[in-house]
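Notes follow once the structure below has been shown.
The values are calculated or read from the model by the stated rules, or taken from the named source; none is laboratory data. Owing to the predicted nature of the structure, the values given are computational and were not obtained by experimental measurement. Every residue, glycine as well, gets a Cβ built from its backbone with ideal geometry; the counts of neighbours run over all protein chains shown. Protein only, heavy atoms only, side chains kept; ligands, DNA and RNA dropped before computing areas. Shrake-Rupley method; radii C 1.70, N 1.55, O 1.52, S 1.80 Å.
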Amino acid sequence: MGQTPIETFRELLARPRRIAITMHLKPDGDALGSSLGLYHYLVKKGHRASVISPTDYPDFLKWMPGNEAVVVGPDDPEKARWDFESADLIFCLDFNELSRLGEFEKAVQDSEAETVMIDHHLEPVGFETYRYWDDTASSTAELIHRWIVEMGDASLLDADIAAPLYAGVMTDTGSFRFTNTSPAVHRMVADLLEAGADPHAIHEQIFANSTLDRVRLTGHVLSNCLTVLPELRTAYLRLDKEVFRQFNVRTGDTEGLVNYALSIKGIDLGIMMSAQDDMVKFSFRSRNEVSASELAGHFNGGGHFYAAGGRIKADMDTAEKQLLETLKDFMAGS
Ligand code: 5GP
Ligand code: MN
């Protein structure tokens, strides 16, 4: 499926529409930030818009303008389903396969609304009616900014649109240090600052807002839960349920931990395994020639070349064994 011409989007939005905006489960700064940036833009254009998150998200993202309007699916499933059902258009942001909606996959499938996918992950499956996709973009937030400019609406950018978009691009580029940080990113950021985004305030909200438990969790995990396999150029963190209990771990508390594994000299693959109910979730981060997304493919997941995720239904011991077996072949070929 090809990219949808911008004229088609202009026609699509030429009259007021009922729009639902949604994002992948366990939304990160980019998923939520791009959704809220788009939300403020669409409302400013005279559309009726709602934002639905399929799950909860970390407290350090709750400062964004429009946060109070977000329907958190599990808190209000009836409202979430109704918003999908009654929409003319559903914008799907920061994901490209409907399974990433978790329990709300069916609500979107069953809706008669047309869908717009705006995303930068590899290998879209093609569920959508309209597509605005670029896997070389740093973030979905960058794509929302680009799309608004192409729509001819650069003059509408304001602080409510710019602040969430800044949060999106900042978190997905690791504060402008990952390989996806381009000249276009910095030009866009200049635009966002001129529109009123306050970088200092946003960094403080996201990075200087931890509970004491979270800081102690970091120390514990790095001291006690990290295994380094120099021959496989791999370091992995194993977070058992006990750790989650001990540090009262809340959504978002483990975000960023995997980057410590990858920060070790000589290591090209960092992994975090987290115990979740009857599943184990994997976060993969890589550098040089190692493809995190390819490895995630072995664990029912995907993502970007250098950052990806997956999961298997298993206990920790089984999952760890499976990981180590997969790694032997995988790293030999990387
Ligand atoms: P994280 O490890 O932070 O959960 O995810 C890293 C990156 O991979 C994010 O961009 C995330 O959206 C993506 N990702 C995580 N899980 C999956 C998955 O199951 N499928 C795909 N396509 N992407 C994923
Ligand atoms: Mn993203």
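Values as computed for the structure displayed
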item: Residues of region 1-26 satisfying the condition of being within 24 Å of the chain's Cα centre (by Cα) and of a type outside the set (Val, Ile, Thr); result: MET1, GLY2, GLN3, PHE9, ALA20, MET23, HIS24, LEU25, LYS26
item: Matching residues, region 1-20, being open to solvent by 70 Å² or more (accessible area, probe 1.4 Å), in a helix (DSSP H, G or I) and not basic (Lys, Arg); result: GLU7, GLU11
item: Qualifying positions in region 167-176 - farther than 20 Å from ALA49 by Cβ and part of a helix (DSSP H, G or I); result: VAL169, MET170, THR171, ASP172
item: 2 or more residues free of Cβ contacts under 8 Å to residues at least 40 places away in the same chain and within 21 Å of the chain's Cα centre (by Cα): qualifying helices (runs of 4 or more DSSP H) within region 209-311; result: 257-262, 292-297
item: Every pair of residues 6+ apart whose Cβ atoms lie under 9 Å, when the first sits in region 194-208 and is within 24 Å of SER155 (Cα to Cα) and open to solvent by 70 Å² or more (accessible area, probe 1.4 Å) while the second is at pLDDT 95 or above and in a helix (DSSP H, G or I); result: GLU194/ALA162; ASP198/ALA159; ASP198/ALA163; ASP198/TYR166
item: Yes/no for LEU165 being under 25 Å from ASP88 (Cβ atoms), modelled with pLDDT of 95 or more and within 15 Å of the chain's Cα centre (by Cα); result: yes
item: Number of the exception - PHE127 against (1) within 16 Å of ligand 2 (Cβ to nearest atom); (2) in contact with a helix residue (DSSP H, G or I) (Cβ under 6 Å, 6 or more places away or on another chain); result: (1)
item: Qualifying residue in region 169-179 (condition: loosely packed, with under 15 Cβ neighbours inside 10 Å and assigned by TED's automatic domain parsing to the domain that holds SER283); result: no
item: Subset of region 131-150 [charged (D, E, K, R) and surrounded by fewer than 22 Cβ atoms within 10 Å (Cβ to Cβ)]; result: ARG131, ASP134, ASP135, ARG146, GLU150
item: Test: GLU103 is out of contact with any strand residue (DSSP E or B) (no Cβ under 9 Å at 6 or more places or on another chain) and over 20 Å from HIS145 (Cα atoms); result: yes
item: Subset of region 88-97 [within 14 Å of ligand 1 (Cβ to nearest atom) and either within 19 Å of ALA49 (Cα to Cα) or open to solvent by less than 20 Å² (accessible area, probe 1.4 Å) (or both)]; result: CYS92, LEU93, ASP94, PHE95, ASN96
item: Residue identified as in contact with a strand residue (DSSP E or B) (Cβ under 8 Å, 6 or more places away or on another chain), under 27 Å from HIS120 (Cβ atoms) and not aromatic (Phe, Trp, Tyr) among LEU239, LEU262, LEU226; result: LEU262
item: Search result, residues across region 98-130 that are in a strand (DSSP E or B) and open to solvent by 20 Å² or more (accessible area, probe 1.4 Å); result: GLU114, TYR130
item: Meets criteria (open to solvent by less than 20 Å² (accessible area, probe 1.4 Å) and in contact with a helix residue (DSSP H, G or I) (Cβ under 7 Å, 6 or more places away or on another chain)) for LEU237; result: yes
item: In region 21-71, the residues that are in a helix (DSSP H, G or I), open to solvent by 10 Å² or more (accessible area, probe 1.4 Å) and charged (D, E, K, R); result: LYS44, ASP59, GLU68
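Every residue, every condition in (1) within 14 Å of ligand 1 (Cβ to nearest atom); (2) open to solvent by less than 30 Å² (accessible area, probe 1.4 Å); (3) touching a helix residue (DSSP H, G or I) at 6+ places or on another chain (Cβ under 6 Å), yes or no:
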{"site": "LEU262", "(1), (2), (3)": "yes, yes, no"}
{"site": "LYS265", "(1), (2), (3)": "no, no, no"}
{"site": "MET272", "(1), (2), (3)": "yes, yes, yes"}
{"site": "ASN288", "(1), (2), (3)": "no, no, no"}
{"site": "GLU294", "(1), (2), (3)": "yes, no, no"}
{"site": "LYS328", "(1), (2), (3)": "no, no, no"}
{"site": "SER334", "(1), (2), (3)": "no, no, no"}
